[in-house]
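So the structure is just underneath, and the comments pick up after that.
The values are calculated or read from the model by the stated rules, or taken from the named source; none is laboratory data. Because the structure is a prediction, the values reported are computed rather than measured. Every residue, glycine among them, receives a Cβ derived from its backbone with ideal geometry; neighbour counts consider all protein chains shown. These area figures cover heavy atoms from the full protein model, side chains too; ligands, DNA and RNA do not enter into them. Shrake-Rupley method; radii C 1.70, N 1.55, O 1.52, S 1.80 Å.
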Amino acid sequence: ELKIVTIGGGSSYTPELIEGFIKRHHELPLRELWLVDIEAGKEKLEIVGAMAKRMVKAAGIDCEIHLTLNRREALADADFVTTQFRVGLLDARIKDETIPLRHGMIGQETNGAGGMFKAFRTIPVILEIVKDMKELCPDAWLINFTNPAGMVTEAVLRYGRWEKVIGLCNVPIMATKNEAAVLEKSEEELFFKFAGINHLHWHKVYDRNGKELTAEVIDKLYGPDAKPEKIVENIKNMRFLYEQIVQLEMLPCPYHRYYYMTDSMLKEEQEEANKEGTRGQIVKRLEESLFELYKDPNLNYKPKELEQRGGAYYSDAACEVINAIYNNKGTRMVVNTRNCGAINDLPYDSAIEITSIITAHGAEPVHFGAFPSAQRGLLQLMKAMEELTIEAAVTGDYATALQAFTLNPLVTSGDMAKVVLDELLEAHKEHLPQF
Ligand code: NAD
Ligand code: G6P
Ligand code: MN
């Protein structure tokens, strides 16, 4: 019998998670689910918590749902802890997006200056959670979904010294579904091999006879006759430079657009911000209408409207990872885990995002080997940037933060980097006690 704790339980994504548990209830005997939030999220927690209770009841499942603002009370004897919190709420995200954009840089939740600041705000909180877990549920698994998911996972491993952690993202699931559709095959007929870091990984595709289909998919998605690719809702579907993708001999992830197409993505972002607002501002409106729906006492299933959020299908990842660990399934999934030599080009202790086998002892990454120069150069630069960001998040050291800014390809280096860093430090100071 299982006790699961979800931190950031007031998230509008919670019905996804509940749906995932309901789908798997024959295999996953979940008896207690604790949704934890903070004072600022109390109203959301109550609305989505009541909806979660209705969903479970309608499914006829014997699972108690507890709502609490007391994290320590919830964590006692948990088997799995999932995290989906947002320090500083959407207002902080909007600052991460608007401030860099005002200085002519990409303003994005997990990339560039904004992504580094999300790490600065989030890492101290995740390390506090780990500290509580050591005391209250030392055998539990931490399934992290909180962004930036890769850096958060690495912080837990390196600084939290907590081994039982897996980080998740829905992007590989979206890609797998989309490419199977494009190839007119089922996902089971295909083998996907992903490697890289969160929001910056590449992959290859094979059929069940071992034939590689990567070039065919590249052609179908990015070739001269390509139809627009279906990607996550939060990223503009800008056409990649075909020759560049062909040279990679691997499929990029949607976030590569920020690095391979920086000028056109920036232009697009600026136009969108002027018209409809930044993604955070759009999400704020979306979230309000979602919570209006959730208030309906007759709504007892996940509404279709949730698909407008970028994190669609994440419950499939979160619930499936829990299922694979609990039932020692050996499921193949793309997760954030410790490298341990799977990617030759990155340090042994780095968190990477990679196709892995999930069993009761956690994630076993499938060995990838070495990347060609184009991938390796960007990957090593970004990993060094992540290391510095994580270190700055832990120590609050200004110069380390400045180095991270300088390495990040989406930040203009030099005096401008310092200007944006200082402005963001000031704007977020309430959530950055370490600086
Ligand atoms: P949200 O703004 O709804 O935040 C979720 C909840 O966290 C809120 O109810 C908020 O009150 C609560 N919260 C804030 N600080 C907290 C704390 N210290 N302890 C406990 N709860 C706290 O956010 P969202 O849009 O649902 O996204 C949640 C998180 O999941 C974000 O970090 C987001 O980036 C991430 N996310 C990740 C993926 C992925 O692919 N890994 C996909 C979607 C969202
Ligand atoms: C994608 C990413 C997530 C990100 C989300 C944003 O799916 O994988 O890591 O948080 O979209 O979605 P939103 O609806 O909040 O813009
Ligand atoms: Mn993600």
* Asked: How large is ³J(HN,Hα), in whole Hz, for each residue of the range 254-270 in order, when computed from phi with the Karplus curve 6.51 cos²θ - 1.76 cosθ + 1.60 and θ = phi - 60°, using x for Gly and Pro?
  -> x, 5, 4, 4, 5, 9, 8, 9, 3, 5, 6, 5, 5, 4, 4, 4, 5
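Before I look further, what does the chain give for accessible area per residue, probe 1.4 Å, in whole square angstrom?
On the way: 17740 Å² over 435 residues.
Heavy-atom SASA per residue in the chain reads 41 Å².
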* Asked: Once the Cα gyration tensor of the range 41-187 is diagonalised, what are the square roots of 5 times its eigenvalues, in whole Å and ordered largest first, as equivalent ellipsoid semi-axes?
  -> 27, 23, 19
* Expressed as a whole number of Å, what is the distance separating the alpha-carbon centroids of the range 221-272 and the range 82-151? -> 25
* Determine ³J(HN,Hα), in whole Hz, for all residues of the range 38-52 in sequence, where each value follows from phi through the Karplus function 6.51 cos²θ - 1.76 cosθ + 1.60 and θ = phi - 60°; x replaces Gly and Pro. => 10, 3, 5, x, 4, 5, 4, 4, 5, 5, 6, x, 5, 5, 4
* **Histogram of C-alpha separations across the chain, 10 Å bin width, %** => 4, 22, 33, 28, 12, 1, 0
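Do any trypsin sites (Lys or Arg not before Pro) in the range 122-174 lie in a loop, going by DSSP, with at most 13 other beta-carbon atoms within 10 Å of their beta carbon, and if so which?
Details: sites: LYS131, LYS134, ARG158, ARG161, LYS164; in loops: ARG161, LYS164.
Counting only loop positions with at most 13 other Cβ atoms within 10 Å, the trypsin sites (Lys or Arg not before Pro) in the range 122-174 are ARG161.
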* Amide H within-cut-off set for GLY9, under 5 Å, with H built and near neighbours excluded -> VAL36, ASP37
* What is the antiparallel percent of DSSP beta bridges lying wholly in the range 312-401, to the nearest 5? -> 90
* To do: Convert each backbone phi in the range 221-234 into a coupling constant with the Karplus relation 6.51 cos²θ - 1.76 cosθ + 1.60 (shift: θ = phi - 60°), then list the ³J(HN,Hα) values in order as whole Hz, x for Gly and Pro.
  => 8, 10, x, x, 9, 5, 8, x, 7, 8, 10, 4, 4, 7
* Structure fact -> Residues whose modelled amide H sits under 5 Å from the amide H of THR359, counting only those 5 or more places away in sequence or on another chain, are GLY330, GLU364
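Just to confirm the filter: which chymotrypsin sites (Phe, Trp or Tyr not before Pro) across the range 280-350 are DSSP coil and have at most 10 other Cβ within 10 angstrom of their Cβ? Before the final figure, lay out the partial values.
Numbers: sites: PHE291, TYR294, TYR301, TYR313, TYR314, TYR326, TYR348; in loops: TYR301, TYR313, TYR348.
Qualifying residues, ordered by number: TYR348.
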* To do: Take the alpha-carbon centre of the range 152-171, take the same for the range 1-60, and report the distance between them in whole Å.
  => 22
* Evaluate the charge dipole of the chain about its Cα centre and quote only its size in Debye, nearest 20, assuming +1 on the Cβ of each Lys and Arg and -1 on the Cβ of each Asp and Glu. => 220
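Compute the relative contact order of the range 128-232 as a whole-number percentage, counting only Cα pairs closer than 8 Å that sit 6 or more residues apart in sequence.
On the way: 103 pairs, mean separation 19.1, N = 105.
Answer for the range 128-232 is 18 percent.
Write out the GluC sites (Glu not before Pro) in the range 228-299 meeting two conditions: DSSP loop, and at most 13 other Cβ atoms within 10 Å of their Cβ. Please report the intermediate quantities before stating the final value.
Numbers: sites: GLU229, GLU233, GLU243, GLU249, GLU268, GLU269, GLU271, GLU272, GLU276, GLU287, GLU288, GLU292; in loops: GLU229, GLU233, GLU249, GLU276.
In loop regions of the range 228-299 (DSSP not H, G, I, E or B), the sparsely surrounded GluC sites (Glu not before Pro) are GLU276.
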* Which lysines does LYS193 reach when only Cα atoms under 25 Å apart count, and residues fewer than 8 places away in its own chain are ignored? -> LYS164, LYS177, LYS185, LYS204, LYS211, LYS220, LYS227, LYS230, LYS236, LYS329, LYS383
* Heavy-atom accessible surface of the chain: percent carbon and sulfur, 1.4 Å -> 50
* Asked: Non-local amide H neighbours of HIS201 (under 5 Å, H modeled in plane, Pro and chain starts lacking H): which ones?
  -> CYS253
